[in-house]
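Worksheet: the structure to be examined is printed underneath.
The values are calculated or read from the model by the stated rules, or taken from the named source; none is laboratory data. Computed from a predicted model, the values in this text were never measured in an experiment. Here the Cβ is made from the backbone with ideal geometry for all residues, glycine too, and neighbour counts use every protein chain on show.
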Amino acid sequence: MSAAALIPSWPAEDIWQQVEPLLPGFSVEVLASVDSTSSELMRRARAGRTEPTLLVAETQTAGRGRLGRQWRSAGAYEGTGVVPALTFSLGLMLAPQDWSGLSLAVGVTVAECLDGASAEPRIRLKWPNDLWLAGDRKLGGILVETATYAGGPAAADAQQGRYVVVGIGLNVLPVLADGLATPPGCLREVDGNLTAARALKRLALPLVQALLGFAEHGFAPFQPRFARRDVLAGRGVTLSNGQQGTAHGVSDEGALLVHTAAGMQAITSAEISVRPAAGA
Ligand code: BTN
């Protein structure tokens, strides 16, 4: 069965019905537990399994964030059977001309899908990969990775592009602050009826459509939509090399524009972290 839900409360069949016409060979899998949905899809891709797959896990034992950080979502809910966060990865072959801005395009799509019809955006985006709620509280994060399969058909034909794994983690229920200065945000603050399963159902098809759109048109169509939710715009930021400046939005290739003493800089490197300057 292509919609291989091991846990019946997830809308695997519905999502499969919506997405399969766009991605032939698509499958949906829901696991009770895995180390990391992204690690699992990357392992499969390296072994030559590059079919389009949505892999959801109720628990991750080794969830990963950007820059080698951990992603933990169970916290206070550990062992209770409650699913406090939506954690999933979508893997598919993609061949954009330019990969720049892909994670920003994903962020725009997730924010728009889950924000509902509110006139003022409530879910904001912090370049490059975070979703934030008011008060600079992290709601979730995005991890985009690509895998190459040496010797596979994808390697032989550059037209086929690369297997990309888009991993998304979103807090659905309140998270214990665990000594953090700022407690994280959760989707229940945005919509009191959201569960992990309902959020996934809202997201899956638009996410696939956005990725296919990105492959065709790049980041440019997403740029104004990102700008609407850009949490850093106009704020003082400190780069991880110690330089300070003011954020001026993102370029049409997804670089963060920061005006520093040395002039306007386009920040693209994943090694550079950006955080609001003290007192900004
Ligand atoms: C970040 O905030 O740095 C990105 C977090 C991404 C977490 C998601 S959860 C599903 C997928 N599997 C992982 O191990 N990571 C991503």
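Taken over the range 123-147, residues that are over 18 Å from G249 (Cα atoms) and either charged (D, E, K, R) or in a helix (DSSP H, G or I) (or both) amount to 3.
For the range 32-56, filtering for residues that are among the polar types (S, T, N, Q) and within 12 Å of the ligand (Cβ to nearest atom) leaves 4.
The residues on offer are A85, A105, A119, and the sole one that is among the aliphatic types (A, V, I, L, M) and more than 24 Å from L54 (Cβ to Cβ) is A119.
Mind checking whether some residue in the range 44-52 is under 17 Å from the mean Cα position of the chain (by Cα), outside any loop (DSSP other than H, G, I, E, B) and buried (at least 17 other Cβ atoms within 10 Å of the Cβ)? No; the residues of the range 44-52 include none that is under 17 Å from the mean Cα position of the chain (by Cα), outside any loop (DSSP other than H, G, I, E, B) and buried (at least 17 other Cβ atoms within 10 Å of the Cβ). Taking first residues from the range 146-172 that are closer than 26 Å to A111 by Cα and modelled with pLDDT under 75 and partners that are aliphatic (A, V, I, L, M) and not in a loop (DSSP other than H, G, I, E, B), no Cβ contact under 6 Å between residues at least 6 apart in sequence or on separate chains turns up. Looking across S73, S89, S103, one residue alone is assigned to a loop (DSSP other than H, G, I, E, B), within 16 Å of the ligand (Cβ to nearest atom) and touching a strand residue (DSSP E or B) at 6+ places or on another chain (Cβ under 8 Å). It is S73.
Each row is one residue, and each column tells you yes or no for (1) within 24 Å of A247 (Cβ to Cβ); (2) touching a helix residue (DSSP H, G or I) at 6+ places or on another chain (Cβ under 8 Å); (3) at pLDDT 90 or above.
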site: V56; (1), (2), (3): no, yes, yes
site: G65; (1), (2), (3): yes, no, yes
site: G107; (1), (2), (3): yes, yes, yes
site: A117; (1), (2), (3): no, no, no
site: L131; (1), (2), (3): yes, yes, yes
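The residues on offer are V28, V19, and the sole one that is touching a residue at least 12 places away in the same chain (Cβ under 8 Å), closer than 19 Å to Y163 by Cα and within 16 Å of the ligand (Cβ to nearest atom) is V28. Counting only strands (runs of 3 or more DSSP E) that fall entirely inside the range 203-280 and contain at least 3 residues that are at pLDDT 90 or above, the qualifying elements are 244-250, 256-260, 263-267.
Restricting attention to the range 8-43, the residues that are in a loop (DSSP other than H, G, I, E, B) and over 17 Å from P84 (Cβ atoms) total 10.
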